[in-house]
Structure formats: structure tokens, C-alpha cells
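The structure appears below as C-alpha cells.
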Amino acid sequence: MGFVLQGGKIVTTLGIITADVLVEGEKVIAIGSNLTSDEAFDVSGCYLLPGGIDCHTHFDLEVAGTITADDFQSGTKAALVGGTTTIIDYATQKKRESLKLALDNQFQKTNNKCFCDFGFHMGITDWNNNTVSEMKALMACGVTSFKLYMAYKGTLQVDDGVIYKALKTGKDLGALITFHCENGDVIDVLVNEAKLKGELEPLYHALTRPSLVEKEAVTRCLDLAELADHYAYIVHLSTEAGLDRIIAAKERGVRVLVETCPQYLLLDDSRYKTEGEKYVMSPPLRKQSDNKALLAGLKNGIIDTVATDHCSFNFAGQKNSASDFSKIPNGAPGVEHRLSLLYTYGVLKHHISIQQLVALTSTNVAKIFGLYPKKGTIEVGSDADIVVLDPNFKTTISYQKQIQNVDYTPYEGFSKKGKIRYTFLRGTKVVDNEQICIKHPTGKYQYRKPFKGGM
Ligand SMILES: [Zn+2]
């Protein structure tokens with residue numbers, strides 16, 4: 001049993017070709033002309049994109065005493081509807097907990113819930129004598145990337161010694177170390193000062209995490225990566241100042257991979273004026289000049305990936321019930337709209353080409369996180385994770401239409417051009433005309449390969 005997608009424009013990082021794609025079982029088995037099979041889909045005029053990979057989501061996560069609005073079921077359904085066929089979520093070690101237990105606990109939450117394929121990074125918060133051997137054991141479980149937080153003093157934050165040791169270990173094991181770059185010590189002081197002055201509104205979330213605290217942490221991270229002679233991967237870069245440090249470091253040979261998110265490309269800090277709680281996330285929204293610099297960073301290839309940092313909380317009852325800005329659960333939804341936002345505001349506004357969209361949302365992500373060429377491309381032998389994007393369509397984004405289980409979207413009223421006519425996950429049609437068309441979760445855990453070094 002198989003099917004053929006006829007006459008679509010196949011987009012890879014190498015170019016665009018019009019051809020038929022023959023799928024059997026879970027794989028692409030031929031690309032060519034006049035291919036036939038049991039079933040045929042006429043997709044002429046549509047783009048065929050490799051299934052999106054969102055390497056930064058937080059589903060079913062407890063933050064500030066409350067749990068995200070999306071669990072692995074609603075989150076992975078929303079991913080598929082938005083053209084993302086694989087997510088990489090975070091397991092995070094609690095203090096005095098082994099990395100393996102942290103992974104097992106996160107796995108429990110996915111139990112029979114994932115509609116798209118999935119994997120995990122591991123957040124290390126408590127470096128100790130067992131950590132190196134535990135990292136090694138996790139590599140054997142397909143967890144080949146680890147995250148360190150330079151922010152969240154007292155809970156997640158690690159010190160520079162741990163950063164250096166993790167980078168050295170990553171180099172030895174073939175693991176990628178990823179970093180949340182904000183200076184948590186300084187933020188802690190600024191937050192306490194603001195609260196003492198009675199500055200409690202959501203805007204102060206942004207004002208107590210200024211651009212310079214990201215720039216400082218990015219700079220330190222890059223220096224430590226240089227010292228350890230290993231790659232650093234910077235998650236959710238939000239500032240022009242940080243980007244400038246990255247460009248300078250790359251020029252002197254420091255190896256760094258960079259992720260940003262749609263919110264840092266398309267939203268700015270004027271959002272904190274009205275219902276600002278919705279935009280309380282870390283790092284916070286920045287200036288339009290930062291948006292512009294990051295968009296240029298996509299175009300010129302300094303930024304490697306666009307993920308979402310999807311971490312959704314309802315405005316009513318979760319976001320808006322906090323007594324001050326420091327108690328608002330951090331995060332915002334995004335997994336469902338990544339592709340359409342980048343297509344509408346990136347490709348159609350000529351910031352990036354559609355091949356770059358594929359690189360940023362799929363191919364680069366697969367290469368960096370050990371999934372390529374199984375995922376991240378449409379090639380003979382690859383998983384048949386294929387998004388059929390019909391460009392002849394225009395609507396607007398609204399929370400009322402979304403699958404993600406949250407009562408708002410930061411992109412309310414944004415234009416959405418192009419429609420995902422179908423999403424295929426490993427050869428199964430899972431989305432038809434923007435609706436999930438399977439009843440049961442079929443997502444598979446992805447064992448990721450060790451980090452091979454850049455792209
Ligand atoms: Zn995150």
C-alpha cells in the first residue's frame with residue numbers, strides 16, 4: 001500500500017523541483033515523473049515541504065505552581081496542523097534527581113498522547129560527580145543534546161564552572177550543549193529592586209530583563225565555548241546586541257549555532273501596554289530594531305533555526321491572576337503558527353526564500369539535533385513527513401480557530417497566507433484541510449544521533 005503526490009513543487013535547501021513523490025510504508029521510495037500507486041493526490045501548484053521540526057517546546061510543564069495549558073496531546077495535534085511533524089521537548093532535572101529519572105518522568109507524560117514524533121533535550125540543573133556518566137547513559141537513550149540555564153537564579157541556573165565542564169563533556173561525548181542566555185544574578189537584583197519600588201505591572205518583566213543581560217550572557221557563553229573548544233547552541237536569541245556578539249565571535253572562529261523564535265521576529269515590547277501578561281516570557285519581547293536585526297540574521301545565515309519555545313498558559317486564570325509580574329508563569333503559545341508566520345512574514349515579505357524557510361524550520365534542525373536525513377528533507381529513503389502547502393489561500397490567525405488548547409494567541413489578527421492542505425507523518429495522512437484526520441496518537445519517540453558538528 002502506498003500513494004503518490006503528483007505534480008507538487010518539492011522544496012529542499014538545494015532548490016525547488018516539480019516532481020511526483022512516491023511513498024510506501026513510512027518512507028519516500030521514489031521521486032520522479034509519471035509515478036503511480038494505489039492512491040494519488042493531485043498537489044500541483046502546492047509546495048511540498050519536509051515536515052517541520054520544532055526543537056523548542058514545553059508541553060505539560062509545571063511553572064510557578066501551575067501547569068501549561070497544552071499537554072502532549074493538544075500540543076502535538078497543534079504542531080501537526082501547523083506543519084510540524086516532530087517536536088523536541090525538554091526534560092529537566094530536579095535538584096538531587098538523576099538525569100535518567102528526569103527523562104523517565106517526562107516520558108510518562110507522553111504516554112499514548114503524542115500525535116507527532118517527538119524527542120527530548122535534557123536540562124541539567126544539578127551538576128555532580130555522576131553527571132558525566134549519566135549524560136553518557138542518556139546519549140544511549142537517544143538524548144544527545146543538553147540544556148543549561150544561565151538565568152532563573154536559585155532554581156535552574158548553573159554557574160560558569162558547570163558551563164565549562166558541560167561543554168568539555170559535550171565535546172568528549174558528541175553531545176550538543178544548549179544555553180538559555182540571560183544573566184540570572186543581575187535579573188534577580190533588578191526584579192527585587194522593582195518590587196521594592198512597587199513596580200509590579202507586566203511591563204516590569206521586560207524592564208528587569210534588559211537586552212544587556214542577554215548580551216552579557218551570550219558573550220560569556222561564547223567565551224566559555226571558545227575556552228572549551230566546543231560548539232554552543234543558543235536558544236531563543238532575542239536581541240540585536242546578542243546577535244552582534246555572535247557575529248563577532250564567529251569571525252574569530254568560535255563555533256556557535258543560533259535559534260530564534262517568531263515572537264522575537266514579529267512582536268515588540270509595545271505589547272506590554274495592554275494585557276501585558278500574555279507576553280510575559282523569557283527573554284521578553286524587544287524593540288522593532290531587534291526584530292529587524294534578527295530577520296536579517298535569518299537571511300544572512302547567522303541564525304540557524306526558528307523554534308517556538310511554545311509554553312502556553314491561559315490568560316484567564318493563569319496569566320492574569322498573578323499578584324505581580326514576577327509571579328506570572330513565563331511563556332506563550334506558538335507551535336501551531338510557526339510555519340504560516342514564517343511563510344507569510346518571512347518568505348512573502350522577501351526576508352527569506354522558501355528554501356531558507358525549509359532550512360530554518362526543518363533541515364538545519366534535523367542536522368543539528370541528530371535526525372538527518374531520516375527527517376528534515378524530502379529524499380528517497382527519508383521518512384515521509386511531508387507538508388502540502390497550498391499558497392492560494394488567505395485568512396487571519398485567531399485563537400478561536402486554533403487547535404492549541406489555550407485562550408489566546410500572541411498573533412491574533414495576523415495575516416495567514418497559504419493553507420496546509422495535508423500533513424503526512426511517516427506516510428500517514430494526519431492532517432486534511434487543516435483538521436487532524438487520525439483518531440489515535442501515532443507519534444514515535446526519536447532516538448537522535450550524536451552531534452556531528454554544525455551543518
Ligand atoms: Zn524554553
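The values are calculated or read from the model by the stated rules, or taken from the named source; none is laboratory data. Computed from a prediction, not measured in an experiment: that's the story for all the values here. Note that we place each Cβ from the backbone using ideal geometry, even for glycine, and neighbour counts take in every protein chain shown.
Some observations on this one:
- Taking (1) closer than 30 Å to Leu156 by Cα; (2) at pLDDT below 95 in turn, Met1 satisfies each apart from (1).
- Residues of segment 313-335 that turn out to be outside any loop (DSSP other than H, G, I, E, B), surrounded by 23 or more Cβ atoms within 10 Å (Cβ to Cβ) and among the hydrophobic types (A, V, I, L, M, F, W, C), as a count: 2
- Spans of helices (runs of 4 or more DSSP H) in segment 178-229 with at least 1 residues hydroxyl-bearing (Ser, Thr, Tyr), in the same structural domain as Glu259 (by TED's automatic domain parsing) and at pLDDT 95 or above: 203-207, 211-228
- Every test in (1) more than 25 Å from Gln157 (Cα to Cα); (2) touching an Asp or Glu at 6+ places or on another chain (Cβ under 8 Å) is passed by Gln106 save one, and that test is (1).
- Residues of segment 181-193 classified as more than 26 Å from the chain's Cα centre (by Cα) and touching a residue at least 40 places away in the same chain (Cβ under 8 Å), total: 1
- Selected residue [farther than 23 Å from Asp117 by Cα and of a type in the set (Phe, Trp, Tyr)] from Tyr408, Tyr422: Tyr408
- Residue in segment 368-382 that is of a type outside the set (A, V, I, L, M, F, W, C), outside the structural domain of Ser312 (by TED's automatic domain parsing) and under 22 Å from Pro333 (Cα atoms) present: no
- Residue check for Gly123: crowded, with 20+ Cβ neighbours inside 10 Å, farther than 30 Å from Lys439 by Cα and either touching a residue at least 24 places away in the same chain (Cβ under 8 Å) or not assigned by TED's automatic domain parsing to the domain that holds Ile386 (or both): yes
- Among the residues of segment 224-238, the one identified as within 16 Å of the ligand (Cβ to nearest atom) and on the phi > 0 side of the Ramachandran plot is His236.
- Residues satisfying the stated conditions in segment 272-310, i.e. among the charged types (D, E, K, R) and either surrounded by fewer than 21 Cβ atoms within 10 Å (Cβ to Cβ) or on the phi < 0 side of the Ramachandran plot (or both): Lys273, Glu275, Glu277, Lys278, Arg286, Lys287, Asp290, Lys292, Lys299, Asp304
- Some residue of segment 289-303 being in the same structural domain as Leu156 (by TED's automatic domain parsing) and within 15 Å of the ligand (Cβ to nearest atom): no
- Top-ranked residue of segment 336-359 - restricted to ones that are of a type in the set (S, T, N, Q) and under 17 Å from the mean Cα position of the chain (by Cα), ranked as surrounded by the fewest Cβ atoms within 10 Å (Cβ to Cβ): Gln356
- Any chance Ile67 is under 15 Å from the mean Cα position of the chain (by Cα) and aliphatic (A, V, I, L, M): no
- In segment 383-392 there is no residue that is closer than 26 Å to Val280 by Cβ and among the acidic types (Asp, Glu).
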